[in-house]
2 protein chains.
Amino acid sequence: MREQVTMADVARVAGVSTATVSYVLSGKRPVAPATRAAVEAAIADLGFAVNTAARSLRTGRSSLVALIVPDIANPFFAQLAATLQEELRGLGMHVVVCNTRADREEERALLAEAVQQRFAGVVITPFRLLPKDLDTLSTAGIPTVVSADVPFGPVDLVTPDARAATRQALEGVTAARRRRIAMIAGPRDATGGDPRLELLRSLAPQFGTSLPGALVVRGEHTREAGAAGFAELMSRRYPPDAVFCANDVIAVGALGKAHELGIDVPGDVALVGHDDASFASLVRPRLTTIRYPAEDVGRAAAELLRERFEGRRVPKTVRVRAEFVARASV
Amino acid sequence: MREQVTMADVARVAGVSTATVSYVLSGKRPVAPATRAAVEAAIADLGFAVNTAARSLRTGRSSLVALIVPDIANPFFAQLAATLQEELRGLGMHVVVCNTRADREEERALLAEAVQQRFAGVVITPFRLLPKDLDTLSTAGIPTVVSADVPFGPVDLVTPDARAATRQALEGVTAARRRRIAMIAGPRDATGGDPRLELLRSLAPQFGTSLPGALVVRGEHTREAGAAGFAELMSRRYPPDAVFCANDVIAVGALGKAHELGIDVPGDVALVGHDDASFASLVRPRLTTIRYPAEDVGRAAAELLRERFEGRRVPKTVRVRAEFVARASV
DNA sequence: GTGAAAGCGCTAACAC
DNA sequence: GTGTTAGCGCTTTCAC
């Protein structure tokens, strides 16, 4: 068991006090160049690394950032985790993954834990959470970034700018003279309703169509729900000729069901997803989708956290541009 | 900023000392039922949660488990992360995700960090690491679980039992009278060579065939490498009529290239992957693969860690059964 | 520009 | 069966 090298060791070797070592590291007060050099040499010599537990205990802040998402196995969130981790690494922060399985109680429990453990920050995609559930975080002064389609209380937000892309998607769909447009949306009790549905609805009239309530079915963000929703839509007396899905996982479930039912995509029905999850380009036909780049989201979230660590107090919103990716399912 | 509730608060309310509160929590020494009840009531009343920073400082052990993998965006590893997190949650442990991008220096750096931060445990899928790189972990007494196809030093191991499944795969392939069997393997400098290739090779003679060196191409575990490898194989004077891939990411890259080249799968060539990543059943034709269940791996790793936390000293190996999944690409 | 020292909340001897 | 207390390594106030 190699013993830990402490600041006291560094201080001794450099011939200074631990306070000075600490200040060299943090830069919170000026240190003479010669002193600084001696300390840095000692740090390198001894292979010193600060004990984050001691630091956390002293400062009341850990070096952990929680990533709280409905489903880390969804490639969109997996990619978000990867990017966030890489971006935060340089700040000495670690990413702790937290899966909520889209369950409100899990979401709340994880949030409570983040407060109790004094996490340095939280990045969350709320699913059934209410904005007020985040109050404990602001009360505790924990920087919080929400990644969601709509504002979610007075916290930092990373949100898609999907208007142009959605317009293009509608254009693509209606250009093929499709008019009966349906959607497989998320569950009714999801936080903030379904903004992707709302956006589509608000834009549809510009293309001479609409998304009537009768052509909206709902379910979880799973393949099973996508399959079930698609089957339901196609069993209607007047089935749709185009189906939008709240995300690509749903879309892929729908596509599987189409194969099963012998329904041709895009011949009989067009299919459009959201996110451009990694598998979207892999299915047949390749899935047309509204891409929401997880890498950009991760970078933006990391940057917002960084600014908070450095003192920013006012909430800020970053819009990440979504992009229409025309492939073969329309 | 709500103040933190400390053990001292709990002790005061329960009318005991902090030591007793601590022992109620840890169970490391007997506590009278009445005392225990009083403490538990106080904990619930006050909403107390231990300060893990203080605990870590005192014990020299954090509550973090590092999951170090080549690519967290690979659905196999994403699923592993999800399962590990859920299994470890009950132990009060958190999972920190660490992406190495298959780079040895990254792998080493992440390991060093785990030691410096006194992580409670490490779960790692080494890619270019050498077994001796893990020595710092054992020296530091950090429980380590390696998830790999072959033994990797004197640490706990979760490894596939893929013999039967691989045999079935060979049987499936050769039943269709295919004899020129090729493989797109991982890079030559990957740790432990390519055990999936070795296994295939050792079993091939039983089916009247072999995997000649000339029909093995190598590359990273990426779609690009899969595409390039497949193109190379098919440009041979005598191209293969069956191609195994080291994992499904590679296989999917190969499949894409087949489409591009107008090569029919499985008509012209059979294709077999490894892992059964989530997208394997999504591509067309649906990918035949040797499934290695990430959920089982995650559960096994969590269990091995738990045993170590409870004092086991001798290394242990858990074999997780792989399964042949016959779909449409053979 | 630098140092001395208090104390963050917990665990685990040691004492009774 | 329970209590007292030292001290883990760090940051930061106060003093010079």
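What follows draws every value from the coordinates through simple rules; no lab data is involved. This one's a predicted model, so the numbers in the text were calculated from it and none came from an experiment. Cβ sites come from the backbone with ideal geometry, for glycine too, and all protein chains shown count toward neighbours.
Just need the relative contact order of the range B:163-291 here, percent rounded to a whole number, with Cα pairs under 8 Å and 6+ apart.
Reported relative contact order: 25 percent.
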Problem set entry | Dipole in debye (nearest 20) - the range B:1-112, about Cα centre, beta carbon charges: Lys, Arg +1; Asp, Glu -1 | 520 debye
Seminar exercise, completed: So the pair-distance distribution of the range B:1-72, from every Cα-Cα distance in 5 Å bins, comes to percents of 3, 15, 22, 20, 14, 10, 5, 4, 3, 2, 0
Seminar exercise, completed: Per-residue Cβ contact counts at 10 Å, fewest first, order A:263, A:68, A:184 as A:263, A:68, A:184
For this session: Take the Cα coordinates of the range B:7-49, assign each an equal point scatterer, and use the Debye formula without solvent to give log10 I(q)/I(0) at q = 0.33 Å⁻¹.
Result: -1.29
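Counting Lys and Arg as +1 and Asp and Glu as -1, what is the net charge of the other residues whose Cβ lies under 14 Å from the Cβ of residue B:82?
On the way: positive: A:101, B:89, B:299; negative: A:71, A:103, A:106, B:86, B:87, B:295, B:296.
Result for the neighbourhood of residue B:82: -4.
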Seminar exercise, completed: In debye to the nearest 20, the charge dipole size for the range A:163-291, taken about the Cα centre with +1 at each Lys and Arg Cβ and -1 at each Asp and Glu Cβ, equals 400 debye
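If packing is taken as the average number of other Cβ atoms within 10 Å across a peptide's residues, how do A:87-99, B:99-111, B:212-224 rank, most packed first?
Numbers: A:87-99: 21.0, B:99-111: 18.6, B:212-224: 17.1.
Answer by packing, highest mean first, reads A:87-99, B:99-111, B:212-224.
Tally the DSSP beta bridges in the protein assembly as shown and give the antiparallel ones as a percent, rounded to 5.
Working: 8 of 80 bridges.
Among the beta bridges of the protein assembly as shown, antiparallel pairing accounts for roughly 10 percent.
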Exercise. What number, in percent, do you get for the relative contact order of chain A if the mean sequence gap of Cα pairs under 8 Å and at least 6 apart is divided by its residue count?
Worked result: 16 percent
Problem set entry | Residue-wise HN-Hα coupling along the range B:295-307, computed from phi with Karplus coefficients 6.51, -1.76, 1.60 (Hz; x: Gly, Pro) | 4, 5, 5, x, 5, 4, 4, 4, 5, 4, 4, 4, 4
Problem set entry | Pseudo-label separations to other copies for residue A:213 - Cα-to-Cβ vector, 7 Å, nm | 7.2
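If the only charges are +1 at each Lys and Arg Cβ and -1 at each Asp and Glu Cβ, what is the size of the charge dipole of the protein assembly as shown around the Cα centre, to the nearest 20 debye? Walk me through the numbers on the way to the answer.
Values: 82 positive and 74 negative charges, 52 e Å.
Charge dipole, the protein assembly as shown, about its Cα centre: 240 debye, nearest 20.
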Exercise. Helix B:163-175 sits at what angle to the longest principal axis of chain B, using alpha carbons and giving 0 to 90 degrees rounded to 10?
Worked result: 20 degrees
Problem set entry | Derived scalar couplings ³J(HN,Hα) [the range B:277-285; Karplus, 6.51 cos²θ - 1.76 cosθ + 1.60; whole Hz; x for Gly, Pro] | 4, 3, 7, 4, 8, 9, 6, 10, x
For this session: Work through the residues other than residue B:329 whose Cβ is under 15 Å from its Cβ and net out their charges, Lys, Arg +1 and Asp, Glu -1.
Result: +1
Seminar exercise, completed: If R0 = 25 Å, then residue A:189 and residue B:40, at their Cβ-Cβ distance, give a FRET efficiency to the nearest 0.05 of 0.15
Exercise. Can you give the helix-only mean residue ellipticity at 222 nm for the protein assembly as shown, where every DSSP H stretch with n ≥ 4 adds -39500 (n - 2.57) and the sum goes over all residues, rounded to the nearest 500 deg cm²/dmol?
Worked result: -12500 deg cm²/dmol
For this session: Could you tell me the distance between the Cα centroids of the range B:225-241 and the range B:274-330, to the nearest Å?
Result: 28 Å
Seminar exercise, completed: Once amide hydrogens are built 1.01 Å from N within the peptide plane, the residues lying 5 or more places from residue B:270 or on another chain with amide H under 5 Å from its amide H are B:242, B:243
Exercise. Around residue A:275, which amide H atoms from residues at least 5 apart in sequence, or from another chain, sit under 5 Å from its own amide H, with H modelled in the peptide plane?
Worked result: A:290, A:291, A:292
Seminar exercise, completed: the range A:10-67 and the range B:121-172 have their Cα centres apart by a whole-number Å value of 36 Å
Seminar exercise, completed: Interchain or sequence-distant (5+) residues whose placed amide H lies within less than 5 Å of the amide H of residue B:210 are B:181
Exercise. Hey, what angle do you get for helix A:223-234 against the long axis of chain A, alpha-carbon based, 0 to 90 degrees rounded to 10?
Worked result: 20 degrees
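Which percent, to the nearest 5, of DSSP beta bridges fully inside chain A are antiparallel? The partial results should precede the final answer.
Values: 3 of 39 bridges.
Counting only bridges with both partners in chain A, antiparallel ones make up about 10 percent.
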Exercise. If you take the alpha carbon radius of gyration of the range A:181-227 and divide it by 2.2 N^0.38 Å, what ratio comes out, to two decimals?
Worked result: 1.17
Exercise. Could you give the angle, 0 to 90 degrees to the nearest 10, between helix A:33-46's Cα long axis and the longest principal axis of the Cα atoms of chain A?
Worked result: 70 degrees
For this session: Could you pull the copy-to-copy label distances for residue B:19, with points set 7 Å along Cα to Cβ, in nm to one decimal and sorted shortest first?
Result: 3.6
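Tally the DSSP beta bridges in the range B:181-294 and give the antiparallel ones as a percent, rounded to 5.
Working: 0 of 14 bridges.
Counting DSSP beta bridges with both partners in the range B:181-294, the antiparallel share is about 0 percent.
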Exercise. Given a cut-off of under 8 Å on Cα pairs at least six residues apart, what relative contact order in percent is computed for the range A:247-299?
Worked result: 34 percent
Problem set entry | Cleavage-rule hits (GluC sites (Glu not before Pro)) in the range B:267-327: DSSP loop, at most 15 neighbouring Cβ within 10 angstrom | B:310
For this session: Normalise the Debye intensity by I(0) for the range B:1-138, one equal point scatterer per Cα, no solvent, then take log10 at q = 0.12, 0.13, 0.15, 0.22 Å⁻¹ and round to two decimals.
Result: -0.63, -0.70, -0.82, -1.24
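How large is the direction-averaged shadow of the alpha-carbon convex hull of chain A, in nm²?
Numbers: hull surface 79.9 nm².
Taking a quarter of the hull surface, the average projection is 20.0 nm².
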Problem set entry | From phi via Karplus (6.51, -1.76, 1.60), per-residue ³J(HN,Hα) for the range B:319-330 in Hz, x at Gly/Pro | 9, 10, 6, 7, 9, 7, 10, 7, 10, 10, 9, 10
Exercise. Given that compact globular proteins tend to follow 2.2 N^0.38 Å, what is the ratio of the alpha-carbon Rg of the range B:281-322 to that value?
Worked result: 1.69
For this session: Would you kindly work out, in nm and rounded to one decimal, the distances from the label point of residue A:259 to those of the same position in each other copy, ordered shortest first, with label points 7 Å along Cα-to-Cβ?
Result: 1.2
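Under the Kirkwood approximation for Rh and a Cα-based Rg, what ratio Rg/Rh is obtained for the protein assembly as shown? Each step should come with its number before you reach the end.
On the way: Rg = 27.1 Å, Rh = 27.1 Å.
Taking Rh as the inverse mean 1/r over Cα pairs, Rg/Rh reads 1.00.
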